[in-house]
1. So, of the residues in the range 219-255 that are more than 20 Å from the chain's Cα centre (by Cα) and free of Cβ contacts under 8 Å to residues at least 24 places away in the same chain, which turns out to be farthest from Ala174 (Cα to Cα)?
2. Applying the selection to the range 193-215, what residues are over 27 Å from Leu125 (Cα atoms) and of a type in the set (D, E, K, R)?
3. Enumerate the pairs (first residue in the range 14-40 and on the phi < 0 side of the Ramachandran plot; second residue anywhere and outside any strand (DSSP E or B) and loosely packed, with under 13 Cβ neighbours inside 10 Å) with beta-carbon separation below 7 Å, excluding pairs fewer than 6 apart on the same chain, so at least 6 apart or on different chains.
4. I'd like the full set of residues that are more than 30 Å from Asp118 (Cα to Cα), surrounded by 14 or more Cβ atoms within 10 Å (Cβ to Cβ) and among the hydrophobic types (A, V, I, L, M, F, W, C), limited to the range 162-200.
5. Any chance you could count how many residues in the range 208-233 are open to solvent by 50 Å² or more (accessible area, probe 1.4 Å) and closer than 28 Å to Arg270 by Cβ?
6. Among the residues of the range 253-268, write down those that are of a type outside the set (Gly, Ala, Ser) and surrounded by 13 or more Cβ atoms within 10 Å (Cβ to Cβ).
Amino acid sequence: MFHRYQFLRGQLAQRDLVRLQDQVRLLPQLQAIAGVRFERFAVDFLNNRTAVRLDSTDTLVSPRAGLLFKPSEPVSAYVSYSMSYVPRAGEQLSSLSLTNRSLDPEEFTNYEAGLKWDLRPDLALTAAVYRLDRNNVVITDPTDPTKSLLVDGQRAKGVELGLVGRLTKNWSVAGGYAYQDGEILATQSATVLAGARLAQLPRHTVSLWNRYDLSKQWGAGVGLIYRDAIFASTDNTVRLPGFVRVDAAIFHRFNAHLRAQLNVENVFDRVYFATAHSNNNISPGSPRAVRVSLTTTF
């Protein structure tokens, strides 16, 4: 158990947390995992603009359970269920209408099934399907970015594939693909309608990083990131186009204790939009950026 105190502007937050978990072998190839998290989160908040003081205390119980099946040494499959919460804090307390419901934490329920297959000791393939339900979610008001709205009934589901490891002695890869579909399940307001696609949720995402060691001292890497188009907000009126970004790197090891690295992000200096806070608060991605780092170990 631990206690955490955090002082923010006009705010004192206290967090108490206890975690319990156990893993049991039911059969030689089958294991069960069960756990629970007990959390108490207390906030004492003063809005200096309105002189309104309020306090909120959440006592949260977050269960989780899963089964792990391992039919052979290189293959394992799992199913899992979990609940979690995000208590209110910070600017959310000043921008929301302060009702009892607005002080309730966000609630997350996740169902997932997956597979891991070690193709070789140094190369692994992973796959997962999931469904994530969210309730009492804080979103930015599409018509007024200075205000927040509460939304019930958000659902996201998808499939993720991954490949990590070495293809050859000198060539290593880390890649992934995700397909995601998410929607509002119930109409909340004139700008949050049932069936609308969730904001900031691309349908297709691909990432692939390759590193090739030219020698014991030198290595080079190149990576590709693709993200499908997304909506800036839940009203689905502003669409950020998809993009492809290419990154690269050069590595050099001077000796067993000293190595250097040169990274170039957005090699071709593509103009793209990385994220959005609302329909009229959109952040562009970084232009070409070069970073040099030097790492030493003792």
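1. Looking at residues that are more than 20 Å from the chain's Cα centre (by Cα) and free of Cβ contacts under 8 Å to residues at least 24 places away in the same chain, I get Arg239.
2. Selection gives Arg197 alone.
3. Hits for this filter: Asp16/Met1; Leu17/Met1; Val18/Met1.
4. Within the range 162-200, Ile184, Leu185, Val192, Leu193, Ala196, Leu198, Ala199 meet the criteria.
5. Initially, the range 208-233 is screened for residues open to solvent by 50 Å² or more (accessible area, probe 1.4 Å), giving 208-209, 211-212, 214-218, 222, 224-226.
Next, only the ones that are closer than 28 Å to Arg270 by Cβ stay: 208-209, 211-212, 214, 218, 222, 224-226.
Within the range 208-233, residues that are open to solvent by 50 Å² or more (accessible area, probe 1.4 Å) and closer than 28 Å to Arg270 by Cβ number 10.
6. At the first step, the residues of the range 253-268 found to be of a type outside the set (Gly, Ala, Ser) are 253-255, 257-259, 261-268.
Listed by number, the residues that qualify are Arg253, Arg259, Gln261, Leu262, Asn263, Val264, Glu265, Asn266, Val267.
The values are calculated or read from the model by the stated rules, or taken from the named source; none is laboratory data. Computed from a predicted model, the values in this text were never measured in an experiment. Neighbour counts are summed over all protein chains in view; Cβ atoms, including those assigned to glycine, are modelled from backbone coordinates with ideal geometry. These area figures cover heavy atoms from the full protein model, side chains too; ligands, DNA and RNA do not enter into them. Shrake-Rupley method; radii C 1.70, N 1.55, O 1.52, S 1.80 Å.
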